[in-house]
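Below: the structure, in structure tokens.
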Amino acid sequence: MILETIEGPADLRRLTLAELEVLANEIREFIVNTVSKTGGHLGSNLGAVELTLAIHRVFDSPKDIILWDTGHQAYVHKLVTGRREAFSTLRQRGGLSGYPNRKESPHDWVENSHASPILSWAHGLASALELGFQPTVGASDSKRRIVAVVGDGALTGGMAYEALNNLGHSRRRVVIVLNDNGRSYAPTVSQLSRSLTRLRLNPAYTAARERIKELLRELPAVGGIARSSLLGLASALREVIEPHVFFEALGVRYTGPLDGHDIGAMESALANASSWNGPIVVHVLTHKGRGYGPAEEDEVACLHDLKVQMPVLPEALRQPLASYTDAFSKAIVEAARRDERIVAITAAMPGPTGLLPFQAAFPERFFDVGIAEQHAVAAAAGMAMGGLKPVVAIYSTFFTRAFDQANLDVGLHRLPVVFVLDRAGITGDDGPSHHGILDLVLTLSIPNMTVFAPSSPSEIPDMLDTALGLEGPSAIRFPKTPGPKRQPGGLGKGMKARVVRRGNGEICILAVGKMLQAVEEACAQEPGLDATIWDVRVVRPADPEMLEDALRHRVVVTVEDGLRVGGAGSALADAMASLRPARLPARVVNLGIPLGYHPHGRPEEILAELGLDAKGLAASLKEIAAAVQREDLLAGTAEGAEIPTAAL
């Protein structure tokens with residue numbers, strides 16, 4: 001195999017075009033085989049094979065700086081920069097990241113995998129070079145070039161347009177490779193995207209372009225003037241229907257569109273672009289999922305990301321689990337049937353957030369704004385002020401991008417916008433940029449924001465109905481991992497918490513969201529641990545009955561899967577202090593995610609390492625109970641015994 005001979009980008013430059021075609025096929029087969037076992041972003045990378053090979057043949061990484069937006073389309077880049085042998089560890093604990101990672105290779109620069117910031121990075125790096133400074137990675141050279149690969153819908157984000165404007169104004173030297181596959185997770189949404197799509201599909205342009213190519217091939221000895229005339233005809237034709245006017249109005253040179261699977265054509269265009277003294281867009285058309293039948297046939301997402309198929313367990317070993325996302329998907333459709341004011345908004349993620357059934361049932365009440373979370377939330381504020389009931393469904397990690405709008409456009413105006421934050425808590429294989437551990441801190445920082453945390457998917461219909469009936473903003477946050485199926489008798493109602501078990505009055509555990517299941521399992525593992533357990537359900541405003549009961553215990557333990565600092569535990573402790581300042585228990589212990597950027601791995605692995613699985617919680621609760629008993633032996637000393645650090 002040719003792939004086995006590729007240890008770095010330099011090895012690509014010795015290959016013929018015919019050998020590169022063979023290599024491209026080998027890479028596709030290698031990625032499909034690996035991702036089928038590890039899970040990961042498949043369609044995007046299958047479409048970027050030839051493009052990546054062309055970039056690495058023209059530019060000299062890491063001396064030349066290659067940036068990826070979004071980072072999940074960089075698998076081929078990893079393969080040709082010396083990480084082939086480690087590729088089987090992709091997205092596994094301790095293995096390769098699914099995104100560029102500076103610890104892995106000097107060829108990787110930006111680890112943030114949220115879409116649309118890379119043109120700003122490119123502007124900043126180009127400015128540093130212009131001012132005579134050099135990054136510490138790669139050979140210092142005044143002629144270093146910066147290449148920003150923008151694709152999978154990243155150009156639909158407003159931040160990308162802001163950066164384009166600054167690049168054009170400053171004339172910084174950046175080669176912008178627009179990897180146009182017409183999609184992010186799903187088909188991209190923007191006027192520019194529609195223009196690009198019209199160009200891709202326009203039969204007159206395509207036929208004329210191919211005819212001009214054919215003429216050039218038939219006239220090998222054509223003179224320079226004649227060749228220029230033919231190319232000028234192609235250019236004139238292109239100007240009628242393509243978006244080059246948009247880029248060049250910003251001061252950014254444009255060339256293309258090119259076949260993103262024609263390595264030779266791309267190499268020529270990239271080489272020419274590299275000599276341009278300013279920002280330039282090289283527009284390439286690629287096919288997401290290329291070369292793999294199931295991806296090409298997936299009309300919705302082109303197998304954007306492939307999930308690992310879990311082994312089928314015997315019936316006796318199966319746990320009754322359900323999907324939070326599916327529960328929300330059904331609940332919002334039912335609610336919308338009852339109330340025509342309900343509308344749904346998402347940011348390029350209708351499938352993953354469960355809104356496709358809503359879109360099918362109520363297309364005129366569904367809004368996919370593209371990768372534009374800030375706009376989504378501000379628009380929701382306007383809809384709410386206009387009398388609608390907007391539900392904004394986004395990933396927890398992407399809520400951070402719209403916090404200003406949630407706080408000042410929604411919160412300040414006390415508008416009834418419902419935020420549904422999917423993938424909350426530790427999400428797993430996508431790493432630090434995708435863990436949803438900030439949403440509790442952020443939502444609890446917004447005055448008058450009601451915050452729901454369902455402990456099972458069965459809780460979601462009631463919580464959604466309750467949230468839709470509120471006069472102010474609310475958030476419902478739930479995890480990616482499946483949850484237990486609970487019977488109606490085991491569900492809460494409205495704004496009330498639910499007592500799960502009564503203890504002996506020593507320890508009260510306030511479990512937030514999915515952590516209830518781990519708490520119940522932990523207490524079952526320690527028969528001597530006679531603790532009261534509450535399913536918090538509503539973090540704010542917390543149920544006064546639950547708070548009063550907690551205050552009657554000697555120690556209160558809060559358990560959450562969000563950041564411990566400033567999270568649910570802090571809010572509940574503050575609520576208890578506000579309710580009965582003189583009756584606070586001797587100890588309030590908050591268990592949650594420590595501050596830090598937590599690497600990728602399976603959620604259960606990460607939670608276990610953090611002591612937040614059933615086994616870890618059982619150990620912490622056992623130590624807390626032992627500390628309470630030691631306090632009894634100290635005959636009422638003022639301070640008592642310290643709770644072990646492991647429990648904090």
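The values are calculated or read from the model by the stated rules, or taken from the named source; none is laboratory data. The shown structure was predicted, so the numbers you read here are calculated from the model rather than taken from an experiment. When we count neighbours, we look across all protein chains shown, and the Cβ atoms used for this are built from the backbone with ideal geometry, even at glycine. Just the protein is used for accessible areas: all its heavy atoms, side chains included, with ligands, DNA and RNA removed. Shrake-Rupley method; radii C 1.70, N 1.55, O 1.52, S 1.80 Å.
Remarks
- R0 of 56 Å, Cβ-Cβ distance ARG102-ALA577: FRET efficiency to nearest 0.05: 0.85
- Database remark: amide H of VAL110 closer than 5 angstrom to the amide H of TRP68 (H placed geometrically; neighbours at sequence offset of 5 or more, or on other chains; Pro and chain starts carry no H).
- In this simple spin-label model, placing a label point 7 Å from the Cα along the Cα-to-Cβ direction at both GLU605 and LYS493 gives a separation of 4.4 nm.
- Two-site FRET efficiency, LEU17 against SER275, from Cβ-Cβ distance with R₀ of 25 Å, rounded to 0.05: 0.70
- Gain on full stretching of the segment that runs from SER88 to SER170 - 0.36 nm per residue minus C-alpha separation: 25.2 nm
- The accessible surface of region 558-616, taken with every protein chain in place and a 1.4 Å probe, is 56 percent carbon and sulfur.
- Stokes-Einstein translational diffusion, region 457-514 - Kirkwood Rh over all Cα pairs, 1.002 mPa s, 20 °C, in µm²/s: 160 µm²/s
- Using θ = phi - 60° in the Karplus curve 6.51 cos²θ - 1.76 cosθ + 1.60, the 3J(HN,Hα) couplings for region 559-576 round to 10, 9, 10, x, 4, 5, 7, x, x, 5, x, 4, 5, 5, 4, 5, 5, 5 Hz; x is entered for Gly and Pro.
- When the Cα gyration tensor is reduced to axis lengths a ≥ b ≥ c, the ratio a/c stays below 1.5 for region 424-579, which is therefore classed as rounded.
- Net charge dipole size for region 476-610 [Lys, Arg +1 and Asp, Glu -1 on Cβ; Debye, nearest 20]: 460 debye
- Region 382-500 shape via C-alpha gyration tensor axes, a/c threshold 1.5: oblate
- Residues whose amide H comes within less than 5 Å of that of VAL500, counting only those at least five positions distant or on another chain, are ILE533, TRP534, ASP535 (H built at 1.01 Å from N in the peptide plane).
- Both radii were evaluated on the Cα set of region 61-101; the Rg over Rh quotient, with Rh as the Kirkwood radius, amounts to 0.97.
- Long-range HN-HN contacts of ALA74 with modeled amide H, under 5 Å: none
- Carbon-plus-sulfur accessible fraction, region 29-81 (probe radius 1.4 Å, protein heavy atoms only): 46%.
- Gyration tensor verdict on region 95-167 (Cα atoms; rounded if a/c is under 1.5, prolate if a/b is larger than b/c, oblate otherwise): oblate
- Simple spin-label estimate for GLU130 and SER445 in nanometres, 7 Å along Cα-Cβ: 3.2 nm
- Cα convex hull volume per residue for region 245-294 (Å³): 80 Å³
- Heavy-atom surface of region 36-139, accessible at 1.4 Å and reported per residue (Å²): 31 Å²
- Between LEU3 and GLU248, the distance separating the two model label sites (each 7 Å from Cα on the Cα→Cβ line) works out to 4.1 nm.
- Ligands, DNA and RNA excluded, the heavy atoms of LEU356 present near 70 Å² of accessible surface to a 1.4 Å solvent probe.
- Along region 476-483 the Karplus relation, 6.51 cos²θ - 1.76 cosθ + 1.60 evaluated at θ = phi - 60°, assigns HN-Hα couplings of 10, 10, 8, x, 6, 5, x, x Hz to successive residues, with x for each Gly and Pro.
- Assuming charge only on the beta carbon of Lys and Arg (+1) and of Asp and Glu (-1), the dipole of region 1-136 about its Cα centre is about 380 debye to the nearest 20.
- Accessible area (Å², 1.4 Å probe, nearest 10) - TRP121: 120 Å²
- The Stokes-Einstein estimate for region 316-422, based on a Kirkwood radius over Cα pairs and taken at 25 °C with 0.890 mPa s viscosity, is a diffusion coefficient of 174 µm²/s.
- Accessible-area ranking of ARG501, ARG84, largest first, probe 1.4 Å: ARG501, ARG84
- Heavy-atom accessible area, probed at 1.4 angstrom with all protein chains present, ranks HIS169, HIS598, HIS413 as HIS169, HIS413, HIS598, highest first.
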